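Only one structure is covered here, and it is reproduced in the block below.
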Amino acid sequence: MKFAIAMLLAVVVAGSAMAQHHHRHQQHAPSPYAGQQQRDIKALSEQQVADLQQGRGMGLALAAELNGYPGPMHVLELKDQLHLTADQQRRFQHLFESMKAEAIEAGEVLISSERALDRAFAEGKMTPDMLASLTGRIGEAHGRLRAVHLKYHLTSAELLSDHQRRRYADLRGYR
């Protein structure tokens, strides 16, 4: 009986010591954000800024892409397998170039808006009214950028036959 009590006591003490060690270790673990304080714009990585500046989609059109509305860039990448006509290729090239130009412009507005938010916090000048205004601008800029990408997916779908759209879904691994 004394042995069982001693064993139980040892297990409780060991468990408590391990919990204290774990708690102490957790308190000193670095934040997953450590290092990001060096970013030019804290809320955007260098890759995100580059993607915005180059008009990349960044997954903003997934609602369209994954529901059967192909993007112009991916259609052009698959032009041979989709058997695009010369007219379709020309139209998709024009769509892609237009989309990219609009996306770059909208991306620059988003970058600028994020930079203004970051600067206001960094300079200690943030107020509740300024916060509402700046985050509203960021929301609008993000929405506009997303709408740009989605709009071109919608237009792309209209330029493909039903067979080409099904083939696109097969080639992209969606079916």
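Bear in mind these aren't lab numbers, they're just calculated from the coordinates by the rules spelled out. Not measured: the values here are computed from a predicted model. Neighbour counts are summed over all protein chains in view; Cβ atoms, including those assigned to glycine, are modelled from backbone coordinates with ideal geometry.
Data for the structure
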{"item": "Within straight-line cross-link reach of residue 125, aspartates and glutamates at Cα separation under 17 Å, skipping those fewer than 8 residues along the same chain", "result": "114"}
{"item": "222 nm mean residue ellipticity, helices alone, for the chain (DSSP H n ≥ 4; -39,500 (n - 2.57); rounded to 500)", "result": "-24000 deg cm²/dmol"}
{"item": "Whole-number percent relative contact order across region 58-145, with pairs defined as alpha carbons under 8 Å at least 6 apart", "result": "26"}
{"item": "Region 61-113 and region 150-174: distance between their alpha carbon centers, rounded to Å", "result": "11"}
{"item": "Packing-based exposure ordering (other Cβ within 10 Å, fewest first) of 46, 102", "result": "46, 102"}
{"item": "Cα-based convex hull, region 24-122, per residue volume (Å³, whole number)", "result": "146"}
{"item": "Angle in degrees between helix 2-27 and the longest Cα principal axis of the chain, rounded to the nearest 10", "result": "40"}
{"item": "10 Å-binned pair-distance histogram of the chain (Cα, whole percent)", "result": "9, 24, 20, 15, 12, 9, 7, 3, 1, 0"}
{"item": "Computed magnitude of the charge dipole of the chain (debye, nearest 20; Cβ of K, R +1, Cβ of D, E -1)", "result": "560"}
{"item": "On Cα atoms only, tilt of 86-122 relative to the major axis of the chain in degrees", "result": "40"}
{"item": "Environment charge of residue 173, counting only residues whose C-beta is closer than 14 Å and scoring Lys/Arg +1, Asp/Glu -1", "result": "+1"}
{"item": "Loop chymotrypsin sites (Phe, Trp or Tyr not before Pro), region 124-175 (other Cβ atoms within 10 Å of the site Cβ: 11 or fewer; DSSP)", "result": "none"}
